[in-house]
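A short write-up of the structure that comes next.
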Amino acid sequence: MTALAARMGEEALKQRLAMEKEQDSHHYRHVEDFLHPEHLPSAGRMIHRVLTAVGLRARGRRNARRIRVGHNRVHLGRLPEAFEGCTLLHLSDLHLDVGRPYVDALVDTVRGLACDACVLTGDYRFGIQGSCAPAIAALERLVPVLPQPVFAVLGNHDGIALVEGLEHLGVRVLMNERTTLQRGGAQLHIAGIDDAHYFRTHDIARARDGLPPEACAILLSHTPEPYRVAAAHGFDLMLSGHTHGGQICLPGGIPLLTDCPAPRGVARGAWRCGHMQGFTSVGCGCSIIDARFHCPPEVTVHVLHGAMT
Ligand SMILES: [Fe+2]
């Protein structure tokens, strides 16, 4: 834990551990807890009953296992020429311990996708409490078929145990930290922050610290919520998830809920804030219940290009 405190910041680690402990023994005393499906233990059962009653349970589950591969072209003015055409495979909101058939579908989807690196933007565990071991067991099947190297951040569903679980598999977890890809003497920086939605232990300044202003840098954040701060710190691209694109949407992909106080404009797909571009993944998994409607699960291949001419 001493090493982790030095990496993410002592106060941030202290805060995360205290909040994890509190979450595990939560009694759901507050009104907001009952209005928030993720914190309502019976929400999944209620939605399951409603979908079963209207004959849509099986279709919702089928939809959740039909994971598509999306493509997103990004033009970055400061991208070094050596990284022209660089591809990043982006997986978010994996929620792996929902069941083996889903993990099988995800492994089949990503196997053989040739990219230059892979980024994971958090939420490996299905629930928000309990052991991380089932999610880590599923990661043992998934990580070997991902393009290497793999960089990751934690989400609001993730316990700190996932840092060790992921790093044991060779994934570099960025806890308010940064790493650098090298190609032909040029550099592309990838920073990552801890969860800014529930734990709020993110530290964008720490993740960016020491980078010259002209450097090309990508920020991984579970949620798009701190997008304005990320833009103010000069990041070129922010990759996020968390919202699931709504997961259960009205026809046309209109979300009922996004569990995100950020504007709907940054809650799904590509967006922009000043000079920073962003992309919020709809996620490849599900939370609360393994069902999706009008919002197919997706893994995304981002293709990086220089400024548009
Ligand atoms: Fe999620």
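The values are calculated or read from the model by the stated rules, or taken from the named source; none is laboratory data. Being a predicted model, the structure only gives us computed values, none of them experimental. Ideal geometry is used to build each Cβ from the backbone, glycine not excepted, and the neighbour counts take in all protein chains shown. Note: accessible area is taken over every heavy atom of the protein model, side chains too, but ligands, DNA and RNA are not part of it. Shrake-Rupley method; radii C 1.70, N 1.55, O 1.52, S 1.80 Å.
Pairs meeting the criteria (first residue in region 145-174 and farther than 15 Å from PRO134 by Cβ, second residue within 16 Å of the ligand (Cβ to nearest atom) and of a type in the set (Phe, Trp, Tyr), beta carbons under 7 Å, at least 6 apart or on different chains) are ASN156/TYR198; ASN156/PHE199. Restricting region 105-159 to residues that are in contact with a helix residue (DSSP H, G or I) (Cβ under 9 Å, 6 or more places away or on another chain) and hydroxyl-bearing (Ser, Thr, Tyr) leaves a set whose member that is farthest from the ligand (Cβ to nearest atom) is SER131. I'd like to know if region 285-293 contains one or more residues that are open to solvent by 20 Å² or more (accessible area, probe 1.4 Å) and not aliphatic (A, V, I, L, M). Within region 285-293, one or more residues are open to solvent by 20 Å² or more (accessible area, probe 1.4 Å) and not aliphatic (A, V, I, L, M).
Right, VAL98: within 16 Å of the ligand (Cβ to nearest atom), more than 27 Å from VAL303 (Cα to Cα) and touching a residue at least 60 places away in the same chain (Cβ under 8 Å) or not? So that I can check it myself, show each step before the final result.
On the way: within 16 Å of the ligand (Cβ to nearest atom): yes; more than 27 Å from VAL303 (Cα to Cα): yes; touching a residue at least 60 places away in the same chain (Cβ under 8 Å): yes.
Here the answer is yes, as VAL98 does meet what is asked.
Could you list, in sequence order, the residues of region 10-21 that are open to solvent by less than 70 Å² (accessible area, probe 1.4 Å) and either of a type in the set (Asp, Glu) or out of contact with any helix residue (DSSP H, G or I) (no Cβ under 6 Å at 6 or more places or on another chain) (or both)? Don't jump to the end; show me each part of the working.
Taking region 10-21 as the starting set, the residues that turn out to be open to solvent by less than 70 Å² (accessible area, probe 1.4 Å) are 12-13, 16-20.
Scanning region 10-21 gives ALA12, ARG16, LEU17, ALA18, MET19, GLU20.
Would it be correct to say that GLN247 is open to solvent by 10 Å² or more (accessible area, probe 1.4 Å) and within 18 Å of PRO149 (Cβ to Cβ)? In short, no. Within region 270-309, the residues that satisfy the criterion of being among the small types (Gly, Ala, Ser), away from the ligand (no atom under 16 Å from the Cβ) and modelled with pLDDT of 95 or more are ALA270, GLY274, GLY278, GLY306. Count of region 81-101 residues, restricted to those that are small (Gly, Ala, Ser) and open to solvent by 50 Å² or more (accessible area, probe 1.4 Å), is 0.
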